[in-house]
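Read-outs throughout are calculated quantities, based only on the coordinates presented, and are distinct from any laboratory measurement. Quick caveat, the model's predicted, so the values are computed rather than measured. Positions of Cβ are generated from backbone atoms using ideal geometry, with glycine treated the same way; all protein chains shown enter the neighbour counts.
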Amino acid sequence: MPIDTRELMEAIAIIADERNIQVAMKQTGKGTAICAACCFAGGMLMGPVGLAVGGAAGGIAAYKMTSGTFKPLGEVILNDLTDRQRESLVQHVTNAIAEIHPTDVVLLLPLIAKNASIQQAILNTIMSFVSNELRMQIVD
C-alpha cells in the first residue's frame, strides 16, 4: 500500500506541534517597524529616557497589533499549504528518510512516532522547507 499523503502530513504536524514550533505570518517586520518608530520618537522627544519609554510603548503596541498572527507549524502544514506545496513537502520528507525504505504507511507512521533520530531528520526538513520554500520565519 503506498504512503498516504494526508497520513504523512498529520504525522509531520504532530512532530512540529510536539516541539511547539510556530511561524510568523508576515507580521514580524510590521512589529519591528512599530517598535522602532516608537523608540525613535521617544528618543527624539525625551532623549535617553525616551528611548526606554518609546521602546517599551512600541513593544506593547507591536504586541497588540501582531497578536494572533503567529501560528503553530502543525496548523500551517495541515491547513495553509497548497496541493503543490504539500506534495513538495512530502517529497522532501520522503527524501530525508529515504534510507528507511518504508513501502507501507502501517510501517512508516509508528517508526516516525518512536524514533527520535527520524523525528529530528523530519523536523530539520520541515524547518528548511518552511524557511526556504514558504518564506516564513520560524519562531521556537
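Here are the numbers for this structure:
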| quantity | calculated |
| --- | --- |
| Single residue of region 119-136 satisfying the filter (closer than 14 Å to residue 73 by Cβ and among the hydrophobic types (A, V, I, L, M, F, W, C)) that is surrounded by the most Cβ atoms within 10 Å (Cβ to Cβ) | 126 |
| Residue satisfying all of: in region 50-68; farther than 13 Å from residue 33 by Cα, within 21 Å of the chain's Cα centre (by Cα) and of a type outside the set (Ser, Thr, Tyr); surrounded by the fewest Cβ atoms within 10 Å (Cβ to Cβ) among these | 68 |
